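The values are calculated or read from the model by the stated rules, or taken from the named source; none is laboratory data. This one's a predicted model, so the numbers in the text were calculated from it and none came from an experiment. Heads up, the Cβs are rebuilt from the backbone with ideal geometry, glycines too, and the neighbour counts pull from every protein chain shown.
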Amino acid sequence: MRLLSVLATFSSLLSLSVAQKPHKYHTLVELSNSGKGPKGQILLNDNNYNDLTSAPRNYTAVVLFTAMDQRFGCTLCRDFQPEFDLLGSSWNKQHPKQDGIFFAVLDFSVGKQTFQRLQMSTAPIMMLFPPTTVGSAAEHAPIRYDFNPNDVNAAEAVAHWVSSRTKQTVTIHRPFNYVKFVTMIVGVIGTATMSKLAYPYLAPALYSRNLWAALSLVAVLLFTSGHMFNHIRKVPYTVPGRNGGVSYIAGGFSNQFGLETQIIAVVYAVLAFSSIALCLKMPRMESAGSQKIAVMAWNLVLLVMFSFLMSVFKMKNGGYPFFLPPLIA
Amino acid sequence: MASVKPSFFKDPASTQSIRGILRVVILLTIAAASISSRLFSVIRFESIIHEFDPWFNFRASKYLVKHGFFDFWNWFDDRTWYPLGRVTGGTLYPGLMVTSGAIWHMLRMISLPVDIRNICVLLAPGFSGLTAFATYLFTLEMKDSSAGLLAAAFMGIAPGYISRSVAGSYDNEAIAIFLLMFTFYLWIKAAKLGSAMWGGLCALFYFYMVSAWGGYVFITNLIPLHVFVLILMGRYSGRIYVAYSSWYALGTLASMQVPFVGFLPIRTSEHMAALGIFGLIQLVAFVDYLRGQVPSKQFNTLLRALVILIAVVAFSGLVLLTVTGVIAPWSGRFYSLWDTGYAKIHIPIIASVSEHQPTAWPSFFFDLNFLIWLFPAGVYLCFRQLRDEHVFVVVYSVMASYFSGVMVRLMLTLTPIVCVAAAIAVSAILDTYLEIDSPEEPDPDAAETKKAKKAKESPLPTGGFLSSKAPYIGIYSITSKIAVVGAFSVYLVLFVLHCTWVTSNAYSSPSVVLASRMPDGSQHIIDDFREAYYWLRKNTPYDAKVMSWWDYGYQIGGMADRTTLVDNNTWNNTHIATVGKAMASGEAVSYEILRKHEVDYVLVIFGGLLGYSGDDINKFLWMVRIAEGVWPNEVQERKFFTPRGEYKIDHEATDTMKNSLMYKMSYYNYQNLFPPGQAQDRVRGAKLPAEGPVLHTLDEAFTSENWIVRIYKVKDLDAFGRDHFAARAFEGGKKKTRKGGLAGRAAGKRGRRVVRV
């Protein structure tokens, strides 16, 4: 039964397309191969959108509804466009006559009416229109693709999706990226040369204990204040709070904002620095009077900062019973 | 009296024995404190194994003491991963079980027959005392015994370590942190003395560590990194050469004796750094030797070229071997540490485990309190002297901070070094401010001359380190001393209170038994898990197969003693995905999977009645994702979301959701508990549809007191050869429809095929 339907599709596709609607298929092939836009892609507007998707279809049409204009700020559209171009050109390279699959793009700037008619308020949207030559009406309904923003190789994902809904296999041929390759080689050689040239000047810094101490401390402070969490979870820097203010401390124990971690890192740094000052700097002061004042000052800084830290932590973890004067949250 | 007292404290010779006794007493007290602070759960609940993985370790330990070591080594377990089974002896780290087995035998030898369960429950607290001691030894090498004692005390009660070592938490980490610290201590000792004996001892404990925990890779990379940094700093010496070569050669050979590790040390990228440094240090040693023999400058240039050539050839050889597949690339778990987005996209099973999530800053503070800000200060102090062993502390600190930031679980490896560094800082402060004698204030003229002197001797012994350029004088005023010492005493007391509070509130729940408070404040124990597992044990045949999500595999195996399909040892992703598919699909598809795997019972965890948020519906999306990873065409995550992208279980839930086996099993008959139309899910705060789901292929077998555990029996094939949909429709009194509906049609097509199989 299945086999028959497949055969029917192909026969209607190859031979009877002329009989069914003489010019439509050929026009579309020509449009795909025309110089306008990338190879293997039809640039649609309100008029020929209907031609492409109207009822008797003996081909599959994959239509991308997009909004490339800067004004709409659709980053996903712009990220996805080269992938879609690659999809069209890959198919066109192997199938110059398109062989039953068309890739088309409808931009919002030339297809406002269609967008309104289909009640589309977001972009990008991709739809696959199956052929109408076989099967019931329900099977002809366009199928929508779900974009996965995390997908690095979106073209492959779409190709897989299209393949699973047509009887043909769409494969992607990524052109070798010569620019990247050359840039990389030049970069490696450049870095090597630069480091060779700069070595006499950098060597003292490279062997400077202070520099390495500073680097290690910055790394430790960065990591222990939850920077990797921000990096992995991509948390917002701040969030507009109630009454127009800005809230920079996230509620909840396992949640945080970008600014919040920076505050914490600074607090840790101040605390660590005051303890270093207390144990290394203070006993090396020569004047007894100024030493006394300095010790008291650092001691006070330490106390206030730790107290602040405790109160912030109490904000994050409501049930926390401990506090340290003077700041009691 | 006044004249005697200072000399009594000052003279090291006269007080040496007292100091020695004091040290022992303090260490014993610390060990006692660290053990007793881990006993909250035993006192509150009972001597019981916690959580999930410990149940497997417990089961394996029981097997070990019952059947002996060699049977344990060759143990093929046919009661897990049904129908595949698991070569348990070859796929576990045996260190933990062998340790408790040895203790069990030892106690029996001295006529103390203790139940293996009690040994397992109390193993982690016992080892925490040893960890404190190992930390003391390690810090002793860094500074002095007072820092060592402080470090031991911090280590004993730091929640970052307690979280994995309370009584009942019978997991690999229980002994691994002790081994980690002790191996590092031995390494420092070996590198300091350049002794092959200490290197060999280090290798021996490294072997013990390898046999106990997968985290041994941390040691495998940290020691080579230490050596590498030392070489880069121009600090290569014969001592380092002897220590590293003896450790690497012996340790690697020994580690390969563990069946689970086998040839990994020479075949995976994680171990290549150690091998590469081993090669490098031979080269460096060779060059060093030749340099001593041949003074010619040209020859040195030639030699350098030769060394670089060899290094390049070795490196490209390594790359070639990796590309051709002789050396396996990074394993997924390890790789996700570097490329933090990797796991999210490629390995949902890793991303699904909450232990593998990144760490937010409150967790650091929660687990370490004020140690976390003393930590950078301690690292800075290490830079001041920067002997070889201090380089180790610095390298360890930076690496461990990164790893613990990426993965919550690795907080465990950070905690020891935080304790050590913080102890160095605190003890440096106390050293300065607890000095009873105050220096004389120099008169201004003398200060002038001193400054002039200082200007002359510009290359200072500390290597021009910023904060210690001026000469050490001391603290003049007694008030300053009292203020600083007083403040730090308060912080220390606060730390102890914090640790006790955290341990008692956050880390002492067995999670097998839940505790809640009654309105009158008394404690109410919720014991649904054990109730259900006990029901399974008593009411089902011994060879019954129970399907559940993998989280509960070990518990079912340990407590109910029944065969499971998947468990917490997540070695076979496809098999887990199969279970995920069975849970996520409609009954027709699921029944086929259940029949094929001869499943008798299905167990789900449902928290809707009680508000227990760790239930299966909340984990459901992971089941879907993992199943989708294997069958992208049959299970699709987006079908479980409403058009607006929400995960709903009420009347807005998608059809796929409502028809999934998991949904049906969770909410089956649930609406009958409430007045019509009032059924409520307390976890997700949603009202359920008035009409509950209908099950065709399963029978409800057991539901625990608070509905947390629900067990269903898989129906046998119908006696009349009908599919279950038709049978149910017939029993429901409806006239047999022509095809039994859409679902029935699907089942009819597939269900019969199973009969023929």
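Laid out as a table, the results:
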item	result
Every residue from region A:226-238 that is in contact (Cβ under 8 Å) with a residue 12 or more places away in the chain and surrounded by 18 or more Cβ atoms within 10 Å (Cβ to Cβ)	A:Gly226, A:His227, A:Phe229, A:Asn230, A:Val235
Within region B:314-372, helices (runs of 4 or more DSSP H) holding 2 or more residues that are at pLDDT below 65	B:332-338, B:342-346, B:348-351
Failed item, numbered, when A:Gly241 is tested on (1) in contact with a strand residue (DSSP E or B) (Cβ under 8 Å, 6 or more places away or on another chain); (2) within 8 Å of chain B (Cβ to nearest Cβ)	(2)
Qualifying residue in region B:616-627 (condition: assigned to a loop (DSSP other than H, G, I, E, B), in the same structural domain as B:Ala690 (by TED's automatic domain parsing) and surrounded by fewer than 22 Cβ atoms within 10 Å (Cβ to Cβ))	no
In region B:475-488, the residues that are facing chain A (nearest Cβ under 8 Å), in contact (Cβ under 8 Å) with a residue 12 or more places away in the chain and surrounded by 17 or more Cβ atoms within 10 Å (Cβ to Cβ)	B:Ile475, B:Tyr476, B:Ser480, B:Val484
Looking only at region A:239-248, and only at residues there that are surrounded by 11 or more Cβ atoms within 10 Å (Cβ to Cβ) and under 25 Å from the mean Cα position of the chain (by Cα), the one that is nearest to A:Ser225 (Cα to Cα)	A:Tyr248
Candidates A:Gln262, A:Gln256, filtered to the one that is within 8 Å of another protein chain (Cβ to nearest Cβ), farther than 30 Å from B:Asp431 by Cβ and in contact (Cβ under 8 Å) with a residue 24 or more places away in the chain	A:Gln256
Close pairs (9 angstrom Cβ cut-off, 6 or more residues apart or separate chains): at the interface with another protein chain (Cβ under 7 Å from one of its Cβ atoms) and within 20 Å of B:Phe488 (Cα to Cα) in region A:266-289, outside any helix (DSSP H, G or I) and hydrophobic (A, V, I, L, M, F, W, C) anywhere	A:Leu271/B:Phe370; A:Lys281/B:Ala470; A:Met282/B:Ile475; A:Pro283/B:Ile473; A:Pro283/B:Ile475
Wholly within region B:137-240, helices (runs of 4 or more DSSP H) carrying at least 1 residues that are assigned by TED's automatic domain parsing to the domain that holds B:Phe278	B:172-193, B:196-212, B:216-232
Top-ranked residue in region A:192-225 [being among the polar types (S, T, N, Q) and within 7 Å of another protein chain (Cβ to nearest Cβ); ranked as surrounded by the fewest Cβ atoms within 10 Å (Cβ to Cβ)]	A:Asn210
Residue within region B:566-586 that is within 24 Å of the chain's Cα centre (by Cα) and of a type in the set (Ser, Thr, Tyr) present	yes
Failed condition for B:Asn659, given (1) in contact (Cβ under 8 Å) with a residue 60 or more places away in the chain; (2) within 30 Å of B:Asp527 (Cβ to Cβ)	(2)
Where a residue in region B:214-234 is within 27 Å of B:Thr91 (Cβ to Cβ) and its partner, wherever it lies, is outside any helix (DSSP H, G or I), with Cβ under 7 Å and at least six apart	B:Gly214/B:Tyr93
Positions within region A:63-108 being of a type in the set (Val, Ile, Thr) and farther than 18 Å from A:Ser34 by Cβ, in sequence order	A:Thr66, A:Thr75
A:Lys292, sole failed condition from (1) facing another protein chain (nearest Cβ under 7 Å); (2) under 35 Å from the mean Cα position of the chain (by Cα); (3) charged (D, E, K, R)	(2)
Only one of B:Ser61, B:Ser128, B:Ser100 that is assigned to a helix (DSSP H, G or I), under 30 Å from B:Ser17 (Cβ atoms) and among the polar types (S, T, N, Q)	B:Ser128
Among (1) under 19 Å from B:Pro159 (Cα atoms); (2) part of a helix (DSSP H, G or I), the one test that B:Phe70 misses	(1)
Of the criteria (1) more than 7 Å from every other protein chain (Cβ to nearest Cβ); (2) surrounded by 21 or more Cβ atoms within 10 Å (Cβ to Cβ); (3) farther than 26 Å from B:Met411 by Cα; (4) of a type in the set (A, V, I, L, M), which one A:Val301 fails	(2)
Criterion violated by A:Ser311 - all others in (1) more than 7 Å from chain B (Cβ to nearest Cβ); (2) buried (at least 18 other Cβ atoms within 10 Å of the Cβ); (3) touching a Leu at 6+ places or on another chain (Cβ under 7 Å) satisfied	(2)
